[in-house]
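The values are calculated or read from the model by the stated rules, or taken from the named source; none is laboratory data. A quick note: this is a predicted structure, and the numbers were derived from the prediction, not measured. Cβ: placed from backbone, ideal geometry, glycine included. Neighbour counts: every protein chain shown.
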Amino acid sequence: MKPEIASTSVSVSLMALPAGTPAGLYGLYEVLSSAGVAWPALTGGPESAPYFDVKIVGPSRQPFDCAIGISITPHAAFAEVSQSDIVIVPDLMTDADPRGSWPEATEWVRKLHDSGALICSVCTGSLLLADAGLLDGMEATTHWSAIDIFTRYYPSVTLRPESTLVLSGEAQRIITSGGAAFWEDLALYLTTRFCGQAEAVRTAKIFLLGDRSEGQLPYAAMGAPRRHEDAVIAKVQVWIADHYTERAPVARMSVRSGLPERTFKRRFKIATGYAPVEYVQTLRIEEAKQMLETSGDVTEDIGRQVGYEDPAHFRRLFKRRTGLTPSRYRQRYQAVGMVKNDGYD
């Protein structure tokens, strides 16, 4: 997927209604707002600007209690937002005939769709899109509990309840997602679509989105370098950043420091928090992870490119540090933010 990266931040309007619940609303707000800024803050990478400009939009700016009693204060009212790149309708609680339940909201979402906005829903938020007429003749997904409501009141919609995300309409400008927790899949898809898959992978790692059955290690990354005042060690760190693939890197670091080997190792650990060999391994594995995420190079070649001539040793070390084999790691992260081809895209 080629990302639709804009020169300025992408505006996102999260619809908030009294019938809504806060989990998806605030989850989407936090995750999308973090794109472009959270990863550099955690890892010490180059500072960047936010990819998304996210606002909560409701009937007015006045606070209201949502369906589970949590107070929500919108940033803007419907009448104040006439343009938005993306509109997202989180889940809505309803067990009756939903037709005509949200006249102001449906009128607003139709206007933004007509102005070119990408329209999305989470869970039963798809009922509002159906009520606005945006799903007529379209395929969509929703929460399993809403299937009967769709069948009864919106028969022109072709439901695909087995799907996590369904992309419909011209230029795939209508996206529906399944159950309430699938706001995570929508967030990763939108990040991939507008920011690129690399940013989506970073977002998945920060928030531990996706399959967590393999624990936390697959999400972990090297943190921001520890600040210290040891100039000798700092110079060695600069050197190893460009030479970690070389043979016997720890011995070469020690020589470049001009310190006795034991003194070098002690000062390096104090300054960085890592033993020198752990530091080199971390640099190598982080580079290998990026290559697995973004390239089709075979595992053995990646191991050699980061400094490991023995493929078996590389695989053992990689699994020890990430909890996954290199092939499983690639499978996991090259699929982040992608929509499976189930015949609807």
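Scanning region 294-321 for residues that are modelled with pLDDT of 95 or more and hydroxyl-bearing (Ser, Thr, Tyr) returns Thr299, Tyr308. Where strands (runs of 3 or more DSSP E) sit wholly within region 1-111, none has at least 2 residues that are under 30 Å from Arg226 (Cβ atoms) and in contact with a His (Cβ under 8 Å, 6 or more places away or on another chain). Of all residues in region 316-331, those satisfying the criterion of being surrounded by fewer than 20 Cβ atoms within 10 Å (Cβ to Cβ) and not β-branched (Val, Ile, Thr) are Arg316, Leu317, Lys319, Arg320, Arg321, Gly323, Ser327, Arg328, Gln331. Of all residues in region 17-27, those satisfying the criterion of being under 14 Å from Pro74 (Cα atoms) and crowded, with 22+ Cβ neighbours inside 10 Å are Leu17, Gly20, Leu25. Looking only at region 147-159, decide whether some residue is within 17 Å of the chain's Cα centre (by Cα) and touching a residue at least 12 places away in the same chain (Cβ under 8 Å). No, region 147-159 has no match at all.
When Thr294 is tested against (1) under 25 Å from the mean Cα position of the chain (by Cα); (2) of a type in the set (Val, Ile, Thr); (3) buried (at least 20 other Cβ atoms within 10 Å of the Cβ), only condition (3) is not met.
Take Ser145 and decide whether it is modelled with pLDDT under 95 and either surrounded by fewer than 20 Cβ atoms within 10 Å (Cβ to Cβ) or closer than 23 Å to Glu184 by Cα (or both). It is true that Ser145 is modelled with pLDDT under 95 and either surrounded by fewer than 20 Cβ atoms within 10 Å (Cβ to Cβ) or closer than 23 Å to Glu184 by Cα (or both). Taking every residue in region 57-82 that is charged (D, E, K, R) and pairing it with any residue that is exposed (fewer than 11 other Cβ atoms within 10 Å of the Cβ), at least 6 positions away or on another chain, the pairs with Cβ-Cβ distances below 6 Å are Asp65/Ser71.
Let's see how each residue does on (1) modelled with pLDDT of 95 or more; (2) among the hydroxyl-bearing types (Ser, Thr, Tyr); (3) under 13 Å from Val336 (Cα atoms):
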position	(1), (2), (3)
Glu162	no, no, no
Val166	yes, no, no
Ser177	yes, yes, no
Ala187	yes, no, yes
